[in-house]
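The values are calculated or read from the model by the stated rules, or taken from the named source; none is laboratory data. Please read these numbers as outputs of a predicted model, since none were measured by experiment. Don't worry about glycine lacking a Cβ; one is built from the backbone with ideal geometry, like all the others, and counts go over all protein chains shown. Surface accessibility is based on the protein's heavy atoms, side chains included, excluding ligands, DNA and RNA. Shrake-Rupley method; radii C 1.70, N 1.55, O 1.52, S 1.80 Å.
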Amino acid sequence: MLNILHFNKNNFMLFFIFRNIRPLSVCLMFLLVSPILQAQSKLNESDSVYAHHISESFRLGEQGEYTQAIEMLNKAIQANPKHPMNGELLNNIAGLYQLLGQNDQALLTYYAAIKRSPQSQTIHHNHALLLVKLNKTKEAMTEYAILINMAPRNEVYRYQRAMLYLTQKEYDLARSDLDAILILNDKSLKTRMGYALLETLAGNYDKAERLYDYLIDKLPTNPEVYAGRARMFLAKHIYGFALRDINKAFELSKPQPTADLYILRGEINLALNDQVEAHRDFELAKQIDPGISSPLAPSSAQK
């Protein structure tokens, strides 16, 4: 899992989406949760200046003052340049830059964090997810190779790499990673969700539909499964069923549907020639995630 400051779970969530597959949206969501107070427990009590700056950064982050929180973490590093936890602090600084939308600076900071703590899976993982977000696929693949070499039995790393392979239409490589997960955990429903998406993207709709029907039977309240089957029906040009399933996904996602759900419903509405509703969905998606892309420019929507 990602490891960045956790200020308030209601307003501090970073969503890393594997996008830009049209007409289908391949997506994964990764939630960042790691209290810095856990990191503070590692500190030497005598290092009060170092601890004070970290405590201040946490307080500022809680208030949404991310720039000032970065300044405090940099002051902590300056106060003790050789502290073994500085790689973790750089990781947190990078996460704060992401919250500020300064992704180039976040990348540079992750490079510095990895240099300080080259064996940290947390930092490599965060770096990989940002690279995915920025469509730096080759660099992301390198990071996932490093992570899987560090932790070959880690299902999350393999699943995420499989999803990345899907964005590149490398279906055999994606299947290989999913197969490896099932060897480790043959009861994994998440992996079967990956297979269902793979079969959808590969055009094997009957296989995909059987997988989604099985998953809905096992996970009847999971919105991701309904959204996945909606994608499959969209690809299969069965738009009424696609709309039914995406509406069910919205119902199960209350009170806060994700931007990707709005994008998918917008794509279904486009297929139904309802540009007004499609435009509305794409605009709502952008309100949630301003960086998300949509297939319909605002000027092309009917007013």
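The figures follow:
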read-out: Matching residues, segment 72-87, being touching a helix residue (DSSP H, G or I) at 6+ places or on another chain (Cβ under 8 Å) and either in a helix (DSSP H, G or I) or of a type in the set (D, E, K, R) (or both); value: MET72, LEU73, ASN74, LYS75, ALA76, ILE77, ALA79, ASN86, GLY87
read-out: Contacts under 6 angstrom Cβ, first residue in segment 267-282 being modelled with pLDDT of 95 or more, partner among the β-branched types (Val, Ile, Thr) and open to solvent by less than 10 Å² (accessible area, probe 1.4 Å), 6 or more apart; value: ILE268/ILE246
read-out: Within segment 247-293, considering residues that are part of a loop (DSSP other than H, G, I, E, B) and charged (D, E, K, R), the one farthest from ALA230 (Cα to Cα); value: ASP289
read-out: Extreme residue, surrounded by the most Cβ atoms within 10 Å (Cβ to Cβ), among residues of segment 241-292 that are farther than 25 Å from THR221 by Cβ and under 21 Å from the mean Cα position of the chain (by Cα); value: PHE282
read-out: Single residue of LEU147, LEU198 found to be at pLDDT 95 or above and closer than 19 Å to TYR226 by Cα; value: LEU198
read-out: Members of segment 214-227 found to be open to solvent by 10 Å² or more (accessible area, probe 1.4 Å) and either of a type in the set (Phe, Trp, Tyr) or in contact (Cβ under 8 Å) with a residue 12 or more places away in the chain (or both), listed by number; value: TYR214, ILE216, LYS218, LEU219, THR221, ASN222, PRO223, GLU224, TYR226
read-out: Residue in segment 228-236 that is of a type in the set (D, E, K, R) and either open to solvent by less than 10 Å² (accessible area, probe 1.4 Å) or within 19 Å of the chain's Cα centre (by Cα) (or both) present; value: yes
